[in-house]
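The values are calculated or read from the model by the stated rules, or taken from the named source; none is laboratory data. Since the structure is predicted, the reported quantities are computational estimates derived from the model, not experimental observations. Here the Cβ positions follow ideal geometry from the backbone for every residue, glycine too, while neighbour counts run over all protein chains shown.
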Amino acid sequence: MTVGTGDGSLAPPVTGLCRLALRMLPVDGVSVVLIADSVRTLVGAAGQLTAELEAVTAVCMEGPGVEAPRLGIPVVVTDLAAGGSQPRWPVFAAEAAGLGVSAVVAVPIRIGVIRLGVMVAHRLEPGDLGGTVSELLRLSETAAYLLLDLQEGSGHRPTGDVGIESGDTASDQELTNFIGAEIHQASGMVMVQLDIPIDAALARMRAHAFATGRPLAEVARAIVNRELRFEK
Amino acid sequence: MTTTQSREIRLGRLFVLLADNLVQDFDIVDLLHDLVTSCVDLFDVSAGGLMLADGGDQLRVLAASSEDTRLLELFELQNQQGPCLDCFHSGAPVVSTAVADQRRRWPAIAPQLQSRRITAVYAFPLRLREQVIGVLNVFSTPDAILDADDRAVVQALADVATISLLQHRATEASERLATQLQTALTSRIAVEQAKGVIAQYASVDMDRAFTMLRGYARRNQRSLTAVATELATGRLDPGAVRRAD
């Protein structure tokens with residue numbers, strides 16, 4: 001298992017998103033971890049102790065940061081020292097407490113069945129985290145889009161385009177692109193056409209959209225209408 | 001037996017079905033699909049759809065009476081303008097039974113309504129205390145106008161939909177609502193992905209793909225979301241769904 005906690009793996013747009021979350025939420029640290037073939041890579045971080053907390057999570061393979069992506073639901077702990085956490089995650093609870101972390105929220109980053117990673121926020125003080133879960137769920141959609149770019153890694157979409165550093169989330173147009181049912185239907189179709197996993201199918205569609213200068217939604221519609229077909 | 005009686009009996013059965021479902025571990029997308037299609041059948045309307053607000057307050061289709069891509073699009077277009085958006089913002093039902101009224105209020109979507117012969121549109125809020133979590137949208141032709149009693153029944157169905165969404169998959173996590181709504185939307189996306197797999201594999205349209213997916217889940221007594229997830233992750237061969245059809 002690789003534990004990617006060095007600064008070298010941080011991606012500026014994802015870190016920008018974490019900074020935004022840190023400003024919005026009553027927490028002390030926010031991080032985004034890309035999970036591919038069980039390999040965890042810290043790709044975005046803002047605030048305190050993010051790399052340390054991810055290192056603990058990755059080494060003991062327990063805690064909200066492991067459970068949220070595994071179960072596909074948010075996992076919230078408002079006080080690691082309280083009853084439930086110790087039996088649930090004996091190593092993580094002790095190690096995180098050793099760092100001084102008391103409360104953790106983790107939300108899965110996914111697009112339907114495509115699992116991309118996890119977004120984690122933590123706080124040193126225990127207690128209620130206000131609207132953190134719903135805000136993180138909202139931000140996790142942006143994170144999903146950013147992680148797709150990282151996974152593709154072909155560099156066809158310069159990170160500078162995303163504009164996260166200025167405090168924006170990725171352009172609304174790009175995000176609403178992912179809302180249409182046709183995108184999801186088309187990725188299922190391309191999966192069968194090319195006999196590849198669905199995340200790779202979505203990547204191929206996006207690469208095609210970029211190469212031909214068309215919006216992803218338009219490419220998806222052409223696929224669903226059987227006007228465009230990918231060949232092996 | 002008059003039509004009214006048979007409708008009441010069917011409506012009674014629907015509420016029993018929904019109540020039965022609520023005490024079991026149920027699939028939210030499947031249950032709401034039943035609710036929407038029953039609503040369309042009972043009132044003889046053209047189409048219905050249930051939209052749920054995501055974290056960014058965008059309305060997304062969770063269930064529809066038909067999986068016709070153009071219909072799904074008509075629901076989602078209402079994120080810009082339409083009865084769903086008005087209902088979502090006001091928290092009150094929206095009723096429009098005149099084409100001229102629709103042209104005036106929603107010029108961008110009125111042509112699409114007309115091209116489908118829709119002359120009446122209704123939007124009922126899914127309300128949770130002060131919050132509106134989604135909208136039940138109904139479209140009808142001139143021969144199936146919903147009167148005030150009908151609308152009260154549809155609002156009751158919308159309330160049941162709200163309850164079922166809240167009951168779904170209780171977790172010990174706090175902020176249950178946000179989690180439950182997100183889980184439901186993720187299920188819906190998995191269903192769309194699986195529809196694409198079947199549509200390509202079996203050379204069928206999306207509506208047929210959904211029917212095959214649902215039929216397979218029913219016959220094997222599996223949840224729609226579980227089957228969709230297996231198809232879209234390549235763990236279930238689409239050939240099995242086609243063979244069994």
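Read through the list (1) under 18 Å from the mean Cα position of the chain (by Cα); (2) at pLDDT 90 or above, then give the number of the only condition that B:Ser90 fails.
Among (1) under 18 Å from the mean Cα position of the chain (by Cα); (2) at pLDDT 90 or above, the lone unmet condition for B:Ser90 is (1).
From B:Thr225, B:Thr233, which residue is within 24 Å of B:Leu71 (Cα to Cα) and either in contact with a strand residue (DSSP E or B) (Cβ under 7 Å, 6 or more places away or on another chain) or outside the structural domain of B:Leu71 (by TED's automatic domain parsing) (or both)?
Among B:Thr225, B:Thr233, only B:Thr225 is within 24 Å of B:Leu71 (Cα to Cα) and either in contact with a strand residue (DSSP E or B) (Cβ under 7 Å, 6 or more places away or on another chain) or outside the structural domain of B:Leu71 (by TED's automatic domain parsing) (or both).
Could you check B:Arg117 against (1) in contact with a strand residue (DSSP E or B) (Cβ under 9 Å, 6 or more places away or on another chain); (2) surrounded by fewer than 16 Cβ atoms within 10 Å (Cβ to Cβ); (3) among the basic types (Lys, Arg) and say which number it fails?
(1) is the only condition that B:Arg117 fails.
Looking at the stretch A:65-72, is at least one residue surrounded by 24 or more Cβ atoms within 10 Å (Cβ to Cβ) and either over 12 Å from the mean Cα position of the chain (by Cα) or modelled with pLDDT of 95 or more (or both)?
Yes, because at least one residue in the stretch A:65-72 is surrounded by 24 or more Cβ atoms within 10 Å (Cβ to Cβ) and either over 12 Å from the mean Cα position of the chain (by Cα) or modelled with pLDDT of 95 or more (or both).
Go through the residues of the stretch B:70-82 one by one and say whether even a single one is buried (at least 19 other Cβ atoms within 10 Å of the Cβ), at pLDDT 90 or above and within 19 Å of the chain's Cα centre (by Cα).
Yes, the stretch B:70-82 contains a residue that is buried (at least 19 other Cβ atoms within 10 Å of the Cβ), at pLDDT 90 or above and within 19 Å of the chain's Cα centre (by Cα).
With respect to B:Gln102, determine if the residue is assigned to a helix (DSSP H, G or I), of a type outside the set (A, V, I, L, M), more than 18 Å from the chain's Cα centre (by Cα) and away from every other protein chain (no Cβ under 14 Å).
Criteria met by B:Gln102.
Return a yes/no flag: does the stretch A:102-112 have any residue that is buried (at least 24 other Cβ atoms within 10 Å of the Cβ), over 21 Å from A:Leu20 (Cβ atoms) and modelled with pLDDT under 90.
Taking every residue of the stretch A:102-112 in turn, at least one turns out to be buried (at least 24 other Cβ atoms within 10 Å of the Cβ), over 21 Å from A:Leu20 (Cβ atoms) and modelled with pLDDT under 90.
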